[in-house]
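Every number here is computed from the coordinates shown, using simple stated rules; none is lab data. All figures in this text were calculated on a predicted structure; none of them were measured in a lab. With ideal geometry, Cβ positions are generated from the backbone for all residues, glycine too; neighbour counts draw on all protein chains shown.
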Amino acid sequence: MSGLHGIYEKYSRLTPKQRAIADFVLAHPEEVCYLPLKQLSEKAGASEVSVLRFCRACGFDNYVQLKEAFRHRNGEKLRSPVRPAFIQGESDKGGAGRTRLHRLQQICEAEISNLTSMMDALNADDLYACARLLMKANEVLVFAHDGSMIFADYLCYRLNYMRIKAVSVKLGDQTSVQATLARLSKNDVVVLLSFPPYYRPVHDVARYARYRDTPVITITDSVESPAVIDEGITFICPTATQFYYNSHVATASFINILASCIAVEMGSRYSEILAEQQSIGDFMSSYGAAWRAESRATGDKTWQDESIER
C-alpha cells in the first residue's frame with residue numbers, strides 16, 4: 001500500500017488503542033519514517049503487537065510498509081510547492097510590505113529547490129559505496145577553498161567523531177597542499193569541495209591523487225566543475241542563489257546524509273562509539289565538578305577563571 005488513506009478511511013472502525021496509535025503516527029510523521037518498532041510502540045504507549053495489529057487494520061502487511069508509506073508522504077510533501085508560514089494570512093499587506101514578503105518567499109523556495117534537486121540526484125548504491133570507502137581509509141584528506149572550508153571542517157568533524165581520521169586542507173596554501181599530496185597513498189581518500197567561483201588548480205589536485213591511485217570523491221554544484229574527473233565519484237549539491245555565489249543548504253544536508261549512511265554501515269560499532277562518547281563526557285563532567293568543589297574548599301580561585309574562559 002503506497003498511501004496513508006487507509007488510516008483515515010478506517011479510523012472510525014479502529015479500537016480505542018488503535019486510534020491512539022493512529023493519532024500518534026499522524027501527529028509525528030517524520031519520526032515514523034525512522035523509528036524502530038520498539039521505540040514507536042513505547043512513544044505511542046502501546047505494545048509492539050498492538051502496533052502490528054494497527055498496521056494490518058489499516059491495510060499494511062507489516063510495520064515496514066507503514067514506514068515506507070510515511071517516507072513517501074514526506075518526500076511528496078518536501079517536493080510539493082511550499083508556501084512558507086510567514087506568508088499565510090499576509091495577503092492583506094500592500095505595497096512595499098507585500099513585495100518584501102514575496103521576495104522572501106522566493107528566497108525560501110530557491111533554498112528548497114536546491115535541497116530537493118540534491119536529493120533527487122542521490123543514488124543509494126553510490127552513497128553506501130562512498131560510505132564504505134571512507135570507513136576503510138587510512139586517512140581522509142578534504143580539500144576546499146575560501147567559504148567551502150567551513151564545510152570541509154564540518155565533514156572532518158563528522159568523520160572524526162566516527163573514528164575516521166580526516167584532515168581539512170586549504171587550497172591556495174601551497175606548502176600545506178604539497179606536503180599533503182606528498183604523503184598520499186592508495187589507502188587514503190581525497191575529498192574535493194568545489195563551488196563557484198571555482199579555484200581552478202583543484203583539477204591538478206584531483207589528477208595527482210589519481211596518479212597516486214588515491215580514490216577521489218568530489219562534492220560540487222555542477223559536472224562542469226574543475227574538480228570533476230572521470231575516475232572519481234561525484235555528488236552534485238546545487239547552490240544557486242540570487243544574492244551571492246553559493247547557498248550551502250544542500251551541501252550541509254548532503255554531509256549529514258553521507259555521515260548517516262556511514263553510521264548505518266557501521267552497525268553495532270556506531271553504538272559503541274556513542275557509548276564511548278557518553279562515557280568520556282560523564283568522566284569529564286564528574287572530574288570537572290570534583291575539581292571545582294575541591295578548589296572552592298581550598299580557596300583556589302582558578303576554577304572561576306576556567307569558567308570565565310568557557
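The ranking of 195, 70 from fewest to most other beta carbons within 10 Å of each one's beta carbon is 70, 195.
Counting other Cβ atoms within 10 Å as a rough exposure proxy, the listed residues 108, 237, 156 run 108, 156, 237 from fewest neighbours to most.
Which links in 67/165; 136/170; 10/43; 38/165 stretch past 30 Å when you go from one Cα to the other?
Beyond 30 Å: 67/165; 38/165.
Going from the residue with the fewest nearby Cβ atoms within 10 Å to the one with the most, 260, 268, 286, 194 rank 268, 286, 260, 194.
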